[in-house]
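All remarks here apply to the structure that follows.
The values are calculated or read from the model by the stated rules, or taken from the named source; none is laboratory data. Quick caveat: nothing in here was measured; it's all calculated off a predicted structure. FYI the Cβ positions are ideal-geometry reconstructions off the backbone, even for glycines, and counts take in every protein chain you see.
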Amino acid sequence: MLKETYKAEIDDILSRYPIRRSAVLPLLYLAQKEEGYVSEAAMKEIAGILRLTPPQVYEVVTFYTMFQLKPIAAFHIQVCKSLMCALVGSDTLLRWLKIRLGIGPGETTADKRFTISTVECLASCGTGPMMQVNDDYYEGLTESKLDRILADLKRDGTSPLKSGPFMLPEPMKG
Ligand code: FES
């Protein structure tokens with residue numbers, strides 16, 4: 001139960017959102033952090049906390065590609081396929097990944113270390129081709145840079161080549 005494990009965090013989140021239902025994204029992040037995906041039980045619990053119906057929470061989960069409905073690998077590679085990245089080689093990046101990891105979009109390696117997804121614009125349009133791995137962005141990717149990143153991830157769980165984490169916007173004040 002999220003409420004038991006994260007009572008202080010949930011209270012803090014709710015205190016920052018005057019309109020209760022607006023806290024749905026941070027609560028979904030909390031649920032995904034806990035289980036690696038957003039389970040049906042978590043959606044029901046979040047609906048109860050925010051006084052929404054479970055289908056309303058489900059609609060949010062399925063709208064955003066950063067939320068998963070089933071368990072995925074330790075490293076979730078999301079490749080941007082929108083126009084600007086496509087023009088500078090997102091298909092090539094997917095081909096390199098297929099050669100290195102043996103999987104394509106929607107697939108997970110047998111050792112459960114990598115899952116690949118394709119997603120729409122991640123707001124790094126000037127630095128493509130790019131990918132997000134878990135919370136971190138990797139931009140301006142080349143074949144050798146990708147090799148180094150994959151080796152770093154396998155060895156250390158992260159890579160110094162990341163350009164920064166994805167940040168959830170803070171609620172507006174006043
Ligand atoms: S088009 Fe790829 S980040 Fe915007």
Exercise for the section: Tell me which residues, restricted to the range 8-44, are in contact with a Lys or Arg (Cβ under 8 Å, 6 or more places away or on another chain) and either more than 26 Å from Q78 (Cβ to Cβ) or hydroxyl-bearing (S, T, Y) (or both). Expected result: I10, L14, R20, R21, Y37
Practice task
Give the residue that is surrounded by the most Cβ atoms within 10 Å (Cβ to Cβ), with candidates limited to residues of the range 51-72 that are modelled with pLDDT of 95 or more and in a loop (DSSP other than H, G, I, E, B).
Solution key: L52
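Matching residues to (1) of a type in the set (K, R); (2) in contact with a strand residue (DSSP E or B) (Cβ under 8 Å, 6 or more places away or on another chain):
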{"residue": "A42", "(1), (2)": "no, no"}
{"residue": "L52", "(1), (2)": "no, no"}
{"residue": "E59", "(1), (2)": "no, no"}
{"residue": "R100", "(1), (2)": "yes, no"}
{"residue": "P105", "(1), (2)": "no, yes"}
Problem - Options P105, P129: the member that is in contact with a helix residue (DSSP H, G or I) (Cβ under 6 Å, 6 or more places away or on another chain) and of a type outside the set (A, V, I, L, M) - result: P129
Handout entry: Residue in the range 121-145 that is surrounded by the fewest Cβ atoms within 10 Å (Cβ to Cβ), counting only those that are more than 16 Å from the ligand (Cβ to nearest atom) and assigned to a helix (DSSP H, G or I)
Key = S144
Practice task
Please indicate, with yes or no, whether at least one residue in the range 94-104 is part of a loop (DSSP other than H, G, I, E, B), out of contact with any Cys (no Cβ under 9 Å at 6 or more places or on another chain), among the basic types (K, R) and modelled with pLDDT of 95 or more.
Solution key: no
Practice task
Check the range 98-109 and report whether any residue there is within 16 Å of the ligand (Cβ to nearest atom) and buried (at least 18 other Cβ atoms within 10 Å of the Cβ).
Solution key: no
Fill in the blank from the handout: Only one of C80, C85 is in contact with a Leu (Cβ under 6 Å, 6 or more places away or on another chain), crowded, with 18+ Cβ neighbours inside 10 Å and not aliphatic (A, V, I, L, M), namely C80
